[in-house]
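Peer 1: Please read through the structure below; I'll follow up with questions.
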Amino acid sequence: METARKKISPMGIIGTVLVSLFALICVAPLIYMLLMSFTQLRSLYIRWDEVTFNLRNYYTIIFKNDFGRSLLNSIIVTVLACVWTDLVCAMAAYGFEKKPVPGKEKLFKIFLATMMVPSQVTLIPLFLTMRKIGWLNSYAALFVPMAGAFGVFMIRQFMKGVDDVYIEAAQIDGCPEYKIFFKIILPLIQPALVSLTIFTFVACWNSFLWPLVANTENSMYTFTVALSLLNSQHDTNYGLSMAAATVSFAIPFALYITMQKQFIEGIALGGVKG
Amino acid sequence: MKKKIALFLSALMMFSLLAACGSTGASSSAAASGASTSGSSADATVLKVWVPPYAGGDAEYTDMDFWTDQFKEFEQENNCKVEVSIFPWTGYMQKITTGMNSGEGPDVVYIDTLYDLAAAGALEPLDSYFTQEEKDNYYYYDIGNVAGGQYVLPMMVGDASVLFCNMDILKEAGFDAPPANWDELIAYSKKIKEVRPDVYSFIQPWGNSSSKSSMMTSFLPYFWQAGGDFLDADGKPNLNSEAGKTTLNFLKSLQDEGIFDDTVVSVGDAPDLFRNGEAAMVMMGTGMAGSIDKAGINWDFSTLKGPDGQEGFWISGDSLAVAANSPHKELAVKALKYMTSAKVMDAFHEKLYAMTPLTKDGAYTENERFQKIYESEAEIANFHIWPGFENADSFYDILFKNIQSMYMGDLTPQQVIDNTMEEYNAAL
Amino acid sequence: MKKRGLTGRKQQAFYGILYILPSFVIILMFSIIPIILAIYFSFTKYDMYSPAEFIGLQNYEGVFKSSTFYSALWNTLKYVIVTVPVQTLLALLIAVFIADKMRGLYGALLKSTIFIPVIVSNIAAAAVWKVMLKTRGGIINNFLGLFGIGEVNWLGTKALAFLCICLVTIWKNVGYYMVIYYAGVMGIPKEQQEAALMDGASPAQRFWHVTVPNLRPITYMIVTLGIISSFQIFDIVYQLTGGGPGTSTITLAYMVYTYAFSNQKLGYASAIAVILLLFVLAIHWLQDKVFKER
């Protein structure tokens, strides 16, 4: 390994350049988005030399349309969704992977199948279900359904790499079941929980149609819904839309930056086992 | 011990479910307290009004400010509380559809596509609530008669589709006035293309990702100018008519004559091209005049005539309606009349979005060049809003995609008609 | 203390059920019941306002008569066939390369950067790409213009529009799969790599005979997730091309959306969705077979 790293092979150089280029392509659109967010473009035929840059769009976003309230709503819903999803999915994954539940593989297949239905088609039935149980206009309607099959699937994949000896040892020591889960399993699958947190956060934060449909009160707007109010039908300030996109991207991005060490390296340390 | 654990786990689950329910309770009580602290007496009727935003995203004055101010007087007069909700344009119809089914829906609601709602009986017929005198005061009352009844009152009427011309470019090509009819449009376009090959002579946005916005400027006006009735006697759309064939042949001829090139199916924003002086002639809504003035274009417009001298305009007819399940219909109609009164609409046109007046006592604040069409009975007779019929949006989407295919050389005009009708009927 | 049977399978099974129960209740309430409702609606005429009216197989007959449906089906399959292998392979190559040659800070930086598109919302991503792909004045064409390449009609040509949808999808997904692969590569036992080195295996041989087989479970997972998400591609199509030009980029999920939401044709939309579901299940089953045979 060491020798391979020190030798500078032409393959290595080409590879480095290609991967760097790809990374550049990954962020270029976002840089472009950021640049545009400082403008008040009314047309997309951009002549950059004529464009003036200022912070007006950000001012508009922060001081209008219940910025604070909708931000708070989104943060509450997203945090609840993350905690809830981690807990529920970790429990289920543990049950599926480590417990001899009869018929569990069949049930797991059904879980997986629910991932295969596009959300466009379940939205109205979901709305009807929520109406039936009276959850419309509540935070619950927004975060409870987030704990879906994807999380169970993802954590279960990871749980396969958790050696049974830890559990058996704890059981021999007379450790009560709930302690095994909270004190042994949860710490062991922490990297997977971090990844799931990020995914849940991103999915919940970015969701638009469901929060729009599930809530009828202005005070329940989530951040994405409130931001979409900035799009008027007839007069588009593209800069403003880009600023809105930038602001709503900034928050998951900040989370990602602070957690990425745990996130990326965490997965590596634990090792994803099939 | 086992039992304890089981208890613990079920307690945990119960707790999570309770937490979920708890937040429901919390939010509804918050809403209740919000209503009671609003100053009006506790037993005041609450009227819910749902509208989309009209102020520009970066305007100082928001829609919420506007309606809150305007409704103050109404609330006092009627001892009620008006709760206005502004919903984004994106997903607006989904919001309305689900909202009106939620049991917490609006009393007064702004709608842009009304057929499905009206046909399903979700809207209250309004005709009996209006006196003849009131009806006569509205310029466009009759436009709201769609789907076999007066289910709505048009509110945002205007933005009639007219042909805007860049007169500087037209003069360069030797024309002093905009083309008056289709033949002149083709002749002018060809001439302009020779003189100014660097600009689009005449362009239509067939690459718009919203099929409806292309339809309203690039298909429907021509269809009506060709003298067609979009709906047959049963209220079903019928393209397979003389007008349908004439229109599609005309659209195809624009490409055959070399006026459109291959990129026409990716041109998304024709108004942008016009504002930038990159297109000489574009059909678009009169509401664009303001931004075109701002861009410093020397423009004029034409109310284009079809082969038989017929005029035809697409016009926006977004309307207000009263929900059939509203518990306070009388009051809701009152609010609807209040919202469309000259006083409120004049303020709306001044502060939020300029449009032509709805009522004969309203002030005309739009570009005065258009006054002659908006206040002329003869022209108003040629105004058409979206034809209302079952499954309309899919129909437009299918037709739009088929016209794109025609421009890519995959379909003939007749095939566009046949494919569209076949596809549309399959979904019914 | 009472002796708890370590082998008390019944007891363990009971715990297992308790662990699974909360997620089962949620998935039942908010996924399975809505799906069953949707399947039921697919046999009815339903618009939300009036009660669903049973009409048997009429919706399905309508779907099979619609030529757009066949375009959408074919396009959807093409998306899956193009995006899944490309993004999987790209993610694998990048992950292996970074794990192998770029263990330093720069590699970590690249890794983090490539992941960023994953956290952008589909809608925002498509909106930015749309601006960049504009035929006139789009930054991509401006850039190509520097090399003397004329205006490319990205979203107005059938093949290119389709390609753009695929590229944006791949752009959005590679980071996620790459991170998972990276974790997998790091988890390959060192001894195997070293043993292969001792045997004088070339880098390509090591890749094929050590890395790839070790990553098979991960590949299985990535391909599964990729197939599921590619079958449901919607936001990007909706924003970027609206299914056009013609029907060249229309997908089944897009069709479901237009019928379900623009027109409240919930029965018809559900019928398309059920067919889509059957296709995903069939492909998933095929994929399972292929992976097991190896």
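What follows draws every value from the coordinates through simple rules; no lab data is involved. None of the values given here were measured: they were computed from a predicted structure. Here the Cβ positions follow ideal geometry from the backbone for every residue, glycine too, while neighbour counts run over all protein chains shown.
Peer 1: What list do you get for B:Asp393, B:Asp232, A:Asp66 if you sort them by fewest beta carbons within 10 Å?
Peer 2: If I rank by nearby Cβ atoms, fewest first, I get B:Asp232, A:Asp66, B:Asp393.
Peer 1: Another one. At what distance in nm do the modelled label points of A:Val17 and A:Cys175 sit from each other, each positioned 7 Å from its Cα along Cα→Cβ?
Peer 2: Using points 7 Å along Cα→Cβ, the separation is 5.3 nm.
Peer 1: Where a ≥ b ≥ c are the square roots of the eigenvalues of the C-alpha gyration tensor, would you call region C:68-293 rounded, which needs a/c under 1.5, or, failing that, prolate if a/b is larger than b/c, or oblate?
Peer 2: oblate
Peer 1: Output the 0 to 90 degree angle, nearest 10, between the alpha-carbon long axis of helix B:63-78 and the longest principal axis computed from the alpha carbons of chain B.
Peer 2: 60 degrees
Peer 1: In deg cm²/dmol and to the nearest 500, what is the mean residue ellipticity at 222 nm of chain C if only DSSP H runs of at least 4 residues count, each as -39500 (n - 2.57), divided by the residue total?
Peer 2: Only helices count here, giving -22000 deg cm²/dmol.
Peer 1: Excluding C:Tyr60 itself, calculate the net charge of residues whose Cβ lies under 15 Å from the Cβ of C:Tyr60, where each Lys or Arg counts +1 and each Asp or Glu counts -1.
Peer 2: Spelling it out: positives minus negatives among the neighbours equals +2.
Peer 1: Still on this structure, I have one more. Taking the Cα centre of chain B as origin, sum charge times position over the Cβ atoms of Lys and Arg (+1) and Asp and Glu (-1), and report the length of that vector in debye to the nearest 20.
Peer 2: Its charge dipole is roughly 1640 debye.
Peer 1: Using a cut-off of 12 Å between beta-carbons, work out the net charge of the residues near B:Ala187 (Lys and Arg +1, Asp and Glu -1, B:Ala187 not included).
Peer 2: Counting the neighbours of B:Ala187, the net charge comes to -1.
Peer 1: Now a separate question. Go ahead and collect, in residue order, the members of region B:180-205 whose backbone nitrogen is under 19 Å from a label point 7 Å along the Cα-Cβ direction of B:Ser253.
Peer 2: In region B:180-205, the label zone of B:Ser253 (backbone N under 19 Å from the point 7 Å along Cα→Cβ) covers B:180-194, B:201-204.
Peer 1: A further question follows. Have a look at C:Leu278, C:Leu21, C:Leu73 and tell me which one the Gaussian network model of chain C (Cα, springs below 10 Å) gives the largest fluctuation.
Peer 2: C:Leu21
Peer 1: With a point put 7 Å past each Cα toward its Cβ, work out how far B:Asn79 is from B:Asp183 in nm, to one decimal.
Peer 2: 7.0 nm
Peer 1: Hey, can you grab everything whose amide H is under 5 Å from the amide H of B:Val146? Only 5+ residues off in sequence or another chain; H modelled, so Pro and N-termini drop out.
Peer 2: So B:Val146 has HN proximity to B:Tyr151, B:Val152.
Peer 1: Tell me which of A:Ser248, A:Leu112, A:Tyr94 sits at the most positive position along the dipole axis of region A:37-270, charges placed on C-beta atoms (Lys, Arg +1; Asp, Glu -1).
Peer 2: Going by the charge dipole, the pick is A:Leu112.
Peer 1: On to the next question. How big is chain B on each of its three principal axes, counting only the C-alpha atoms and giving the largest first in Å?
Peer 2: Principal-axis extents of the Cα atoms in chain B, largest first: 87, 62, 44 Å.
Peer 1: Right, something else. Enter the angle in degrees (range 0 to 90, nearest 10) between the Cα long axis of helix B:342-351 and the first principal axis of the Cα atoms of chain B, meaning the one along which they spread out most.
Peer 2: Here the helix axis deviates by roughly 70 degrees.
Peer 1: If R0 is 22 Å, what FRET efficiency do you get for B:Glu377 and B:Leu231 from their C-beta distance, rounded to 0.05?
Peer 2: 0.40
Peer 1: Moving on. Work out the charge dipole of the protein assembly as shown with +1 on the Cβ of Lys and Arg and -1 on the Cβ of Asp and Glu about the Cα centre, then indicate which of B:Asn238, C:Ser112, B:Trp314 is farthest towards its positive end.
Peer 2: Most positive-ward Cα: C:Ser112.
Peer 1: Mean residue ellipticity at 222 nm from the helices of chain B, using -39,500 (n - 2.57) per DSSP H segment of n ≥ 4 over the full residue count, to the nearest 500 deg cm²/dmol?
Peer 2: Helix-only estimate at 222 nm: -13500 deg cm²/dmol.
Peer 1: Hey, for a label at C:Lys10 modelled as a point 7 Å past Cα toward Cβ, could you say which residues of region A:76-116 have their backbone N under 16 Å away?
Peer 2: Under cut-off, by backbone N: A:100-102.
Peer 1: List the DSSP H helices in chain C whose Cα atoms stretch 30 Å or more along the helix axis and whose mean Kyte-Doolittle hydropathy is at least -1.0. It would help to have the intermediate numbers written out before the result.
Peer 2: On the way: long enough: C:67-101 (50 Å, 1.21); C:158-186 (41 Å, 1.37); C:266-293 (40 Å, 1.31).
Passing helices, by number: C:67-101, C:158-186, C:266-293.
Peer 1: Pop the C-beta distance of C:Ala201 and A:Tyr166 into the FRET formula with R0 = 30 Å and round what comes out to the nearest 0.05. Intermediate results must be reported in sequence, preceding the final value.
Peer 2: On the way: r = 35 Å, r/R0 = 1.18.
Working from the Cβ atoms, E equals 0.25.
Peer 1: Comparing B:Phe87, B:Phe400, B:Phe219, which has the greatest mean-square fluctuation in the GNM of chain B with Cα pairs linked when under 10 Å apart?
Peer 2: B:Phe87
Peer 1: What length, rounded to one decimal in nm, is gained on full extension from A:Gln190 through to A:Tyr58, with 0.36 nm per residue of separation minus their alpha-carbon distance? Could the numbers behind the result be given before it?
Peer 2: Numbers: separation 132, 0.36 × 132 = 47.52 nm, distance 3.65 nm.
Gain in length upon complete extension: 43.9 nm.
Peer 1: Top mean-square fluctuation among B:Ala363, B:Ala119, B:Ala233, Gaussian network model of chain B, C-alpha springs under 10 Å?
Peer 2: It is B:Ala233.
Peer 1: On a 0 to 90 degree scale, rounded to 10, what angle separates helix B:2-36 from the longest Cα axis of chain B?
Peer 2: Once rounded, one gets 70 degrees.
Peer 1: Then there's this: Can you tell me the dipole magnitude for region C:68-293 around its Cα centre, using point charges on the Cβ only (Lys, Arg +1; Asp, Glu -1), in Debye to the nearest 20?
Peer 2: 360 debye
Peer 1: Another question, then. Report, to one decimal in Å, the Kirkwood hydrodynamic radius for the protein assembly as shown based on all distinct Cα pairs.
Peer 2: Taking every pair of different Cα atoms in the protein assembly as shown, averaging 1/r and inverting gives 30.6 Å.
Peer 1: Given labels modelled 7 Å from the Cα in the Cβ direction, how far is it in nm from C:Val152 to B:Asp127?
Peer 2: Between C:Val152 and B:Asp127, the label points sit 5.9 nm apart.
Peer 1: Starting from the Cα coordinates of region C:153-275, work out the convex hull volume and express it per residue in Å³.
Peer 2: Dividing the Cα hull volume of region C:153-275 by its residues yields 128 Å³.
Peer 1: Projected onto the charge dipole of chain C (+1 at Lys/Arg Cβ, -1 at Asp/Glu Cβ, origin at the Cα centre), which of C:Gln232, C:Cys164, C:Gly16 gives the Cα projection farthest towards the positive end?
Peer 2: My answer, from the dipole projection, is C:Gly16.
Peer 1: Under a point-charge model restricted to the Cβ atoms of Lys and Arg (+1) and Asp and Glu (-1), what is the dipole moment magnitude of the protein assembly as shown relative to its Cα centre, in debye to the nearest 20?
Peer 2: Values: 73 positive and 86 negative charges, 1300 e Å.
With only Lys, Arg, Asp and Glu charged at Cβ, the dipole is about 6240 debye.
Peer 1: Using only the Cα atoms of region A:37-270, each taken as one equal point scatterer with no solvent, compute I(q) by the Debye sum, divide by I(0), and report log10 of the ratio at q = 0.15 Å⁻¹.
Peer 2: After summing over all Cα pairs, the log10 values are -1.09.
Peer 1: Kindly provide the helix-only [θ] at 222 nm of chain A, computed as the sum of -39,500 (n - 2.57) over DSSP H runs of four or more divided by all residues, to the nearest 500 deg cm²/dmol?
Peer 2: Taken over chain A, the calculation gives -21000 deg cm²/dmol.
Peer 1: Net charge near A:Ser20, counting Lys/Arg +1 and Asp/Glu -1 over other residues with Cβ under 15 Å of its Cβ?
Peer 2: Summing Lys/Arg as +1 and Asp/Glu as -1 gives +2.
Peer 1: Before anything else, pin down the relative contact order of chain B: Cα pairs under 8 Å, at least 6 apart, normalised by residue count, whole percent. Write out the running numbers ahead of the final one.
Peer 2: Working: 660 pairs, mean separation 95.4, N = 428.
Contact order relative to length: 22 percent.
Peer 1: Where in chain A are the helices, taken as whole DSSP H runs, whose Cα atoms extend 30 angstrom or more along the long axis and whose Kyte-Doolittle mean reaches at least 0.5?
Peer 2: What comes out of the filter, once short or polar helices are dropped, is A:10-36, A:67-98, A:238-260.
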